[in-house]
Amino acid sequence: MKLKSIILAAGLCAMATGGFAAGHEGGVKVGMITTLSGGGAGLGIDVRDGFMLAAKMAGNDKLEVVIEDDQRKPEIAVQLADKMIQSEKVDVLTGIIWSNLAMAVVPAAVAQGKFYLSPNAGPSQLAGKGCNPLYFNVAWQNDALHEAAGAYASDTGYQNTFILAPNYPAGQDALTGFKRFFKGEPAGEIYTQLGQTDYAAELAQIRASGADSVFFFLPGGMGISFLKQYASSGIDLPVVGPAFSFDQGILQAVGEAALGVKNTSQWSKDLDNAANVEFVAAFEAEYGRLPSLYASQGYDTANLLLSAMGKADVKDADAFRAALAEADFASVRGDFKFGTNQHPVQDYYVREVIKEGDVFTNKVIATSLTDHVDAYAAECSY
């Protein structure tokens, strides 16, 4: 389904609710602010598509969704959040991809009594001392996939991995998380610019570092640029990364250069549980492409919300929060529950990039962390 038809579908959903749109008794009005244009648009599109697929499959006419494009700009995200809270009168906000945008929007939103369900960004500031009863993260805490990568690198025997990530909250959490579980000593550590596309200087440093491996977190187009340049650089070191740099949308753009790379994720299309099998088939049928990690997170976020709607009225904040905390839905990840800071407690896997026919994709080859609790939960107190 194309972008315009998705927006139309969201509009039709709102129109179909009739009296709910005016007073939404027993219903929930959701404001989705996500990245739909410019760099990183593929991530927001996948979150949106996964969320809207779950809503369509549920057929719940008490759910209304208003969708806006933040253009990956914090000031735009703040303006949209203000409009949704003050004019649209939404009950719940969701959709933000980037941690710097989340930090600009979430604290003010929850301070105004709005629930925020994160389908992606999980900055450490919101997992620890900055946690809030109205904030739930349905994806992961930012460090987690990188912690899993650090554990895998150590288990594999790497001793001096060169590490790099963009200089923004998620990038800082990434390298912190990797080092937390890596038993060796980084051969070098670089923070790149957010949105950077030329990595000649970084590749020169990697070449000169004496590293035995490379770990990088560069989501979206940044990862595509880096991997292509890395493949043509002549550097012959094994690469480890989080799923963000090796996800379904990125792999098709990178191609052969990604084959064999190991990456860490809490989800994969080949996880063998009924909810995931149904999701992968439904997503491919609806959109004509395989789902990504981001699509799976949007899908789970919608199903979490729908599960709470079946148990409580959003106007009763305490009851609705309790219903969300139960996480009484069939996650595409299999076992899923919230920790004390309302972030996931879940398994993290190691995947390998493979080729199935003409399609580059991932398969699970190992489990890196089991029932993993993020490092900041102990700092959270309500």
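Worth a mention:
- The residues of segment 331-355 that are part of a loop (DSSP other than H, G, I, E, B) and either touching a Pro at 6+ places or on another chain (Cβ under 7 Å) or surrounded by fewer than 16 Cβ atoms within 10 Å (Cβ to Cβ) (or both), listed by number, are 335, 336, 340.
This table checks each residue for (1) buried (at least 20 other Cβ atoms within 10 Å of the Cβ); (2) out of contact with any strand residue (DSSP E or B) (no Cβ under 9 Å at 6 or more places or on another chain); (3) of a type outside the set (A, V, I, L, M).
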position: 58; (1), (2), (3): no, yes, no
position: 67; (1), (2), (3): yes, no, no
position: 97; (1), (2), (3): yes, no, no
position: 112; (1), (2), (3): no, yes, yes
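- Residue check for residue 90: of a type outside the set (Gly, Ala, Ser) and crowded, with 23+ Cβ neighbours inside 10 Å: yes
- Look at (1) touching a strand residue (DSSP E or B) at 6+ places or on another chain (Cβ under 7 Å); (2) farther than 22 Å from residue 274 by Cα and you find that residue 348 fails only one, number (2).
- Remark: residue 209 matches the filter, which requires a residue to be of a type in the set (Ser, Thr, Tyr), surrounded by 15 or more Cβ atoms within 10 Å (Cβ to Cβ) and touching a Gly at 6+ places or on another chain (Cβ under 6 Å).
- Odd one out for residue 73 among (1) in the same structural domain as residue 281 (by TED's automatic domain parsing); (2) surrounded by fewer than 24 Cβ atoms within 10 Å (Cβ to Cβ); (3) touching a strand residue (DSSP E or B) at 6+ places or on another chain (Cβ under 8 Å): (3)
- Selection status of residue 203, in a helix (DSSP H, G or I), in the same structural domain as residue 151 (by TED's automatic domain parsing) and more than 26 Å from residue 44 (Cα to Cα): yes
- Enumerated strands (runs of 3 or more DSSP E) restricted to segment 48-161, each holding at least 3 residues that are of a type in the set (A, V, I, L, M): 63-69
- Only one of the listed residues (27, 50) is farther than 23 Å from residue 316 by Cβ, in contact with a Phe, Trp or Tyr (Cβ under 7 Å, 6 or more places away or on another chain) and either surrounded by 15 or more Cβ atoms within 10 Å (Cβ to Cβ) or at pLDDT 95 or above (or both). That residue is 50.
- One residue stands out among those in segment 136-172 that are more than 15 Å from the chain's Cα centre (by Cα) and closer than 22 Å to residue 298 by Cβ: the one that is surrounded by the fewest Cβ atoms within 10 Å (Cβ to Cβ), which is 168.
- Residue within segment 357-377 that is in the same structural domain as residue 134 (by TED's automatic domain parsing), of a type outside the set (D, E, K, R) and touching a strand residue (DSSP E or B) at 6+ places or on another chain (Cβ under 8 Å) present: no
- Residue within segment 207-221 that is touching a Lys or Arg at 6+ places or on another chain (Cβ under 8 Å), part of a loop (DSSP other than H, G, I, E, B) and closer than 18 Å to residue 154 by Cβ present: no
The values are calculated or read from the model by the stated rules, or taken from the named source; none is laboratory data. Computed from a prediction, not measured in an experiment: that's the story for all the values here. Reconstructed Cβ throughout: ideal geometry from the backbone, glycine too, with neighbour counts over all protein chains shown.
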